[in-house]
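J.: Take this structure, written in structure tokens, and hold onto it; I'll ask about it next.
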Amino acid sequence: MTSTADGMLHRAGLGEPVSAEEQTALHMRIAMAMAIISVPILKLHDTYANWDVGRYHLVAATLVFVVSAVLALFERTSRAGLVLFAVAIVAYVLEKWSAYHNHGWLSFWTITVAFLFGTRWWEDETYRWYLRMTLGVVMLGACAQKIVAGTYLDGSFLTYLSLHGSETEHMFGFLCSDLESGPCVAHQALGVFLMLWQAAVGLLLVAGVTNLWLLAVEIAFLLGAGLYADEMNFQVLNIALFCMAFGYGMPPRLAALCMLLLALDVVKISVIVSHVL
Amino acid sequence: MSSEQIVEKGAGRARTPARALKLLAGGLVAIHVVWIAVHIGLVMNERINPWKLGGYAMYTVPPPQSQVHVFTRDGEAWVPGGEGYWVFSFFEANHHNVFRCAAPPEAALRGFLDENAGVRGKAVRLALSEEVMTREPFHIGREIYATIELAWSGETVTWRHEACGEQSEGRFAYAVG
């Protein structure tokens, strides 16, 4: 790379970092860009429908998400990107609040306020605390919902997915010999384990644990859940938020993997599996 | 003004937004907790679609995939009206059928009549169904959870809604021509 190009990247805040702090700052911005870009990926199919019914402001909002993801990456424009994101997601929430999916709500809670934490938001400990607490509360809330539904305590939801879910969600069907008659002990055990894991991660987040090993295991868990549910956009959003909440940011290699998974999400793994089989 | 005074004054200015941000962050987390608790209550009482409204109950029950079915009168009996009806406006104005027990807004019923000229002036029943999983015995199927009947008296539409063991009714003017 020429010295001129180096200089341009440095000025943009994207050049080869010269210190650990700068590297973390860059990784935090990459995580934010990845969290933002997962939002329009989820809305890609909606975009055609929005165009057809004349909701052009939502089509524009989807494009603004993409622009804001790019801007969030650069040191100088990061906060402007976050402001654009806030405007676009508020437009979505006002229009589609009753149909809005939980992924969208999570991005609304976590990213919309980021611009308030300054031009160097990635250095703000209060924002990291807010992300940790929000993710912890969401984890505990999701666990509480599973207890209320009772469908993980008896394993019936996993049996339902094994019968009626997407191609990838059939993967644990082999654990029960007669799915039609209801859940077996293996699905029950798996259901209880998933609930306990969610509760444990939620409690650790609320307690302020930011151990790198916990982050690595949780990322692996989220990737596995994404492959199982054939829904990578939500997992990429979660991974990116976890990376920021723990204060490590997202290394470029993980970002590249996430981009690949988002591309897979557009096609859907089930479609590929069905085509191959 | 001494340099110490300037630094102190600057630090004071910095402290105020930092404190405000901490309060904001704490407040947002508290609101989030309260909303999730409310959402759990609404789900427990089967008032809402668990997958929606930001309560994180997705993947706890099958997605309801609410559908609207149209029935017409044949003598005393209600018969399925087939599939040639538009329900887009009804669905949109009825908040995507997220509120399971709530009577539809008048705009939803008007939207249905606007989109389906053939039913104007005729008695019609709308039935809302959803995917349901029962655990004992284990069964997955589609069930009707709400009905709305429309009756006409000249250009006045009277509607009667029934869902979750509750009934409500109302009327509005609608020009058939």
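J.: Does any residue of segment B:48-59 turn out to be modelled with pLDDT of 95 or more, hydrophobic (A, V, I, L, M, F, W, C) and not in a loop (DSSP other than H, G, I, E, B)?
T.: Yes - at least one qualifying residue is present in segment B:48-59.
J.: In a helix (DSSP H, G or I), within 10 Å of chain B (Cβ to nearest Cβ) and surrounded by fewer than 16 Cβ atoms within 10 Å (Cβ to Cβ) - does that describe any residue in segment A:181-201?
T.: Looking through segment A:181-201, at least one residue is in a helix (DSSP H, G or I), within 10 Å of chain B (Cβ to nearest Cβ) and surrounded by fewer than 16 Cβ atoms within 10 Å (Cβ to Cβ).
J.: Which of the residues belonging to segment A:167-180 are in a loop (DSSP other than H, G, I, E, B) and either crowded, with 18+ Cβ neighbours inside 10 Å or in contact with a Leu (Cβ under 9 Å, 6 or more places away or on another chain) (or both)? First the steps, then the outcome.
T.: Going residue by residue through segment A:167-180, those that are in a loop (DSSP other than H, G, I, E, B) are A:171-172, A:176-178.
Passing the criteria: A:Met171, A:Phe172, A:Cys176.
J.: Right, something else. Do we find that A:Tyr160 is touching a strand residue (DSSP E or B) at 6+ places or on another chain (Cβ under 8 Å), within 9 Å of chain B (Cβ to nearest Cβ) and in a helix (DSSP H, G or I) in this structure?
T.: Yes: the conditions hold for A:Tyr160.
J.: Starting from segment A:183-203, take each residue that is closer than 22 Å to A:Arg132 by Cα and list its partners that are assigned to a loop (DSSP other than H, G, I, E, B), counting only C-beta distances under 8 angstrom and pairs at least six apart or across chains.
T.: Here the result reads A:Leu194/A:Tyr152; A:Met195/A:Tyr152; A:Met195/A:Leu153, each pair linking segment A:183-203 to a residue that is assigned to a loop (DSSP other than H, G, I, E, B).
J.: Please work out if B:Gly55 is under 15 Å from the mean Cα position of the chain (by Cα) and either at the interface with chain A (Cβ under 10 Å from one of its Cβ atoms) or of a type outside the set (S, T, N, Q) (or both). Don't jump to the end; show me each part of the working.
T.: Details: under 15 Å from the mean Cα position of the chain (by Cα): yes; either at the interface with chain A (Cβ under 10 Å from one of its Cβ atoms) or of a type outside the set (S, T, N, Q) (or both): yes.
Considered against the rule, which asks whether it is under 15 Å from the mean Cα position of the chain (by Cα) and either at the interface with chain A (Cβ under 10 Å from one of its Cβ atoms) or of a type outside the set (S, T, N, Q) (or both), B:Gly55 comes out as yes.
J.: Please give the number of the condition A:Leu94 fails out of (1) away from chain B (no Cβ under 11 Å); (2) modelled with pLDDT of 95 or more.
T.: (2)
J.: Here's something else I'd like to know. Of all residues in segment A:226-247, how many are modelled with pLDDT of 95 or more and hydroxyl-bearing (Ser, Thr, Tyr)?
T.: 0
J.: Considering A:Val67, A:Val83, A:Val59, which residue is within 23 Å of B:Ala18 (Cβ to Cβ), in contact with a helix residue (DSSP H, G or I) (Cβ under 8 Å, 6 or more places away or on another chain), away from chain B (no Cβ under 14 Å) and of a type in the set (Val, Ile, Thr)?
T.: So the residue among A:Val67, A:Val83, A:Val59 that is within 23 Å of B:Ala18 (Cβ to Cβ), in contact with a helix residue (DSSP H, G or I) (Cβ under 8 Å, 6 or more places away or on another chain), away from chain B (no Cβ under 14 Å) and of a type in the set (Val, Ile, Thr) is A:Val83.
J.: Could you list all residues from segment A:34-57 that are touching a Phe, Trp or Tyr at 6+ places or on another chain (Cβ under 9 Å) and modelled with pLDDT of 90 or more?
T.: A:Ile36, A:Ile37, A:Ser38, A:Val39
J.: Moving on. Does A:Ala240 qualify as being assigned to a helix (DSSP H, G or I), more than 13 Å from the chain's Cα centre (by Cα) and small (Gly, Ala, Ser)?
T.: Here the answer is no, as A:Ala240 does not meet what is asked.
J.: Is there a residue being away from chain A (no Cβ under 13 Å) and among the polar types (S, T, N, Q) anywhere in segment B:89-96?
T.: So far as segment B:89-96 goes, no, none of its residues is away from chain A (no Cβ under 13 Å) and among the polar types (S, T, N, Q).
J.: Name the one entry in A:Leu277, A:Leu212 that is over 20 Å from A:Ile111 (Cα atoms), at pLDDT 90 or above and surrounded by fewer than 21 Cβ atoms within 10 Å (Cβ to Cβ). Break it down stepwise before answering.
T.: Details: A:Leu277 fails: at pLDDT 90 or above.
It is A:Leu212.
J.: What pairs come up if the first residue lies in segment A:205-227 and is at positive phi, the second is charged (D, E, K, R), and their beta carbons are under 8 Å apart, counting only those six or more places apart or on different chains?
T.: As it stands, the answer is A:Gly208/A:Arg132, since those pairs meet every condition given.
J.: I've got another one for you. Considering only segment A:103-120, state which residues are in contact (Cβ under 8 Å) with a residue 60 or more places away in the chain and either facing another protein chain (nearest Cβ under 10 Å) or of a type outside the set (Lys, Arg) (or both).
T.: The answer is A:His103, A:Gly104, A:Leu106, A:Ser107, A:Thr110, A:Ile111, A:Ala114.
J.: If B:Lys52 satisfies all but one of (1) at negative phi; (2) surrounded by fewer than 19 Cβ atoms within 10 Å (Cβ to Cβ), what's the number of the condition it fails?
T.: (2)
The values are calculated or read from the model by the stated rules, or taken from the named source; none is laboratory data. Because the structure is predicted, anything quoted here is derived from the model rather than measured. FYI the Cβ positions are ideal-geometry reconstructions off the backbone, even for glycines, and counts take in every protein chain you see.
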